[in-house]
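A short worksheet on the structure shown next.
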Amino acid sequence: MSENGAGGIARESDSEFPIVIAAMPATTAQRKTALGVVIFLSVVAVVIAPFAHIQAARVDSFVPVLQSVLCVADLITASLLFTQYAIQPHPSLLVLSCGYLFSGSFAFLQTLAFPGAYAPAGLIGDGHNSAAWFFVLWHSTYLAAVLAYALSKDADWKFAPTRGSAKTKAAFTIILSFVLMAGLTWCVTQATEYLPELYRESVTLQTRLAIQVNLMLCALAGTALAALLFRQRTILDLWLMVTLLAWIPNFLLAAVVSAVRFSIGWYAARCFSLVASCMLLGVLLTEMTFLYSRLANALTLQRRERGNRLMSVEAATAAMAHELRTPLAAIALNASAALSQLRAEPPVLADLENILDDIETTSHRVGAVISAIRALSTKTLVDQRKMMRVEDVARQVLRLVQHDLQINEISVATDLEDDLPPVLADPTQLQQVVLNLVKNAIEAMNQIAPEERFLRLAARRAANSTVLLSVQDSGTGIFLEDRDRIFDPFFTTKPAGMGLGLAICRTVLENHSGKLRLANSDSRGSTFEITLPAGG
């Protein structure tokens, strides 16, 4: 595991540390969850299909209740996506936000126009055709926005607007969207005589054109799904695909199985619509909560690291400056006197031996001062130690670097025995050691393909009543000529490194009566091993 390299694998510089789900790569666990949701929805659709044509009781309150929830979900999703755009401005994200804004707004307007929902002929529109056209506007605008997002999200937009300009663009886009919605709403409520009929006067049976429109919407959803499938990389892409798959049965059931309102298929299709609308909202809220937790942990760790570093450096430098200033000044003074006597003509050698003796004595004093300062820091460490388990430290470190592992697409495996004996250690110091090794492992894998990145943490009993923790990576390894020097202070292979990380880690473990060593390193990766005495 070399110490060289830095940065992530993201394509753009602003996504090296993504803080929005639009830039976070989907993990294997998330893909499995999404696949499970798709399989469940598919099974439900297959089970309902044979009964879809059966006419059920007409429940007029069904549409306003369901679509009010759907409208709220879509509008909340739109606001969250606009917020994501304000954080990471990218036009594709703005387009998708508008898609959800259109979806929630037209869903609400369709509820107002739906016959029997709030009034026998609806509150707006012509009583039978307007609601159907609102349905078309609702889904066509949303699907078009998803397709535009999928086609434009990889575009190399050569600008980085400031936070203020991003908010201005979002506000302008929202205003423009509402103006467009107002125009389309006027068309389907006040000019319906110029639009072809999608439902007959009975308001329950679709026309042939309505069936064709549903097939067109299904094709548009399939096109957007295919675009996302070939370009998907992020959590947002993954769950948009699941959302589209949840929408498709809505169109197929209406176009192929049952073209009649208030049938079992019609009710089921509306339920699929609700699931589709709530899908991304749930993911957004969940991932934002997890992201907040990870950022809070990272901030806490950063503050603790900075505080410990500043206190340690300040205390050490102050102590050394105070204790070493006098003996070093004496050494310099004696050395100057000796040089003066040697440069005299003729050289004066009478007191030279005494001067050199003073230099030797003072240098030993300096060494004693350094040892005393180190002993003081070691005593401080001992006072903070307690009985703890190495495997718990390893798991905590993995939680702290979960975000780094995710954005670098690193697979993680653990082999941590649960019945290991405890060790006597300072939790903060040991955590910092393991964290340093794991971060080095992440950096060591920057230069290899994502599918080959593998990190393994293992803990087991070792010989002589010790506990062994190993950190293994699949990076490029350490050059042979550097393997004997990686623990030397100020030796580093990083372009901007100080070369103190591994040296400090080894010193910390030696203070704990433990060891840190490079167990193996070749072109397939490196393994570092930590050993600590069991039970202190």
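Throughout, read-outs are computed from the coordinates displayed, never taken from laboratory work. All figures in this text were calculated on a predicted structure; none of them were measured in a lab. Please note: Cβ atoms are built from the backbone with ideal geometry, for glycine as well, and neighbour counts cover all protein chains shown.
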Output ³J(HN,Hα) for region 334-345: one whole-Hz value per residue in order, computed from phi by the Karplus curve 6.51 cos²θ - 1.76 cosθ + 1.60 with θ = phi - 60°, and x for Gly and Pro. 5, 5, 5, 5, 4, 5, 4, 5, 5, 8, 5, 10
Count neighbours as other Cβ atoms within 10 Å of each site's Cβ, and list the trypsin sites (Lys or Arg not before Pro) in region 165-201 that are DSSP loop with at most 13 such neighbours. ARG200
Tell me, how many Å apart are the Cα centres for region 203-245 and for region 52-113? 15
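Quick one: grab the alpha carbon gyration tensor of region 52-299, order the square roots of its eigenvalues as a ≥ b ≥ c, and give me rounded if a/c is under 1.5, else prolate or oblate depending on whether a/b is larger than b/c. Each step should come with its number before you reach the end.
Working: a/c = 1.95, a/b = 1.70, b/c = 1.14.
Judged from the Cα gyration tensor, region 52-299 comes out prolate (a/c at least 1.5, a/b above b/c).
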Which residues' amide hydrogens lie under 5 Å from the amide hydrogen of THR234, considering only partners 5 or more residues apart or on another chain, with H built in the peptide plane? ALA26
For region 188-197, take each phi angle, set θ = phi - 60°, evaluate the Karplus expression 6.51 cos²θ - 1.76 cosθ + 1.60, and give the result in whole Hz per residue in order, putting x for glycine and proline. 8, 10, 9, 10, 5, 5, 8, 9, x, 6
Once you order the gyration tensor axes a ≥ b ≥ c over the Cα atoms, which shape class does region 387-533 get: rounded for a/c under 1.5, otherwise prolate or oblate by comparing a/b with b/c? oblate
DSSP-defined beta bridges in region 387-533 - what % are antiparallel, rounded to 5: 80
When only Cα pairs under 8 Å and 6 or more residues apart are kept, what is the percent relative contact order across region 52-299? 25
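Multiply the residue gap between GLU193 and ALA462 by 0.36 nm, knock off their C-alpha separation, and tell me the result in nm, one decimal place. Mind dumping the intermediate values first?
Working: separation 269, 0.36 × 269 = 96.84 nm, distance 8.44 nm.
Contour length minus the Cα-Cα distance gives 88.4 nm.
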May I ask for the net charge around GLN67, where only other residues with Cβ less than 15 Å from the Cβ of GLN67 are counted and Lys, Arg are +1 while Asp, Glu are -1? 0
Between ILE478 and residues 5 or more places away or on another chain, the pairs with built amide H atoms under 5 Å apart involve ASP522
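Give LYS32/LYS439; LYS169/LYS439; LYS32/LYS153; LYS439/LYS515 a once-over and call out the pairs whose C-alpha atoms are over 30 Å from each other.
Where the Cα-Cα span goes over 30 Å, the pairs concerned are LYS169/LYS439.
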Using a basic spin-label model with each label point 7 Å from the Cα along Cα→Cβ, how many nm lie between GLU452 and LYS167? 4.7
Using θ = phi - 60° and the Karplus form 6.51 cos²θ - 1.76 cosθ + 1.60, what ³J(HN,Hα) does each residue of region 95-108 get, whole Hz, x for Gly and Pro? 4, 5, 4, 5, x, 6, 5, 4, 4, x, 5, 5, 4, 5
